[in-house]
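*Asks:* Before we start, here is the structure in question, set down as structure tokens.
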């Protein structure tokens, strides 16, 4: 048996004051989450340690303050790739940040 099952955690920021977990799963569910993200043009970052920490949260739960920096690094990558600036997610400029 593979000890390293694929895990996925989806976050949404957009109009939320803090990023929230919108989906999570492992194995086949993780594969479906990743496939859905790809089909909808959602950028995917791979960070096994961050996923492990985020997977402890419940769906619709805000990320805790101790994960702000790690999530901010991922969001800054997304902003850069989409040509966005901080605050654009609140106005819809540059497309959705998920």
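*Asks:* Between a residue in the range 60-73 that is on the phi > 0 side of the Ramachandran plot and without any contact (Cβ under 8 Å) to a residue 12 or more places away in the chain and any residue that is in a helix (DSSP H, G or I) and loosely packed, with under 13 Cβ neighbours inside 10 Å, which pairs come within a Cβ distance under 6 Å, given they are 6 or more apart or on different chains?
*Replies:* Close Cβ pairs (under 6 Å, with a partner that is in a helix (DSSP H, G or I) and loosely packed, with under 13 Cβ neighbours inside 10 Å) do not exist here.
*Asks:* Residues in the range 12-50 that are in contact with a strand residue (DSSP E or B) (Cβ under 9 Å, 6 or more places away or on another chain) and within 17 Å of residue 76 (Cα to Cα): how many?
*Replies:* In the first step, residues of the range 12-50 are kept if they are in contact with a strand residue (DSSP E or B) (Cβ under 9 Å, 6 or more places away or on another chain); the result is 12-13, 16-27, 29-34, 36-37, 42, 44, 48, 50.
Checking which are within 17 Å of residue 76 (Cα to Cα) leaves us with 12-13, 16-20, 42, 44, 50.
Residues flagged as in contact with a strand residue (DSSP E or B) (Cβ under 9 Å, 6 or more places away or on another chain) and within 17 Å of residue 76 (Cα to Cα) within the range 12-50 amount to 10.
Coordinate-derived values only; no laboratory data. Please read all numbers here as calculations on a predicted model, not as lab measurements. Neighbour counts are summed over all protein chains in view; Cβ atoms, including those assigned to glycine, are modelled from backbone coordinates with ideal geometry.
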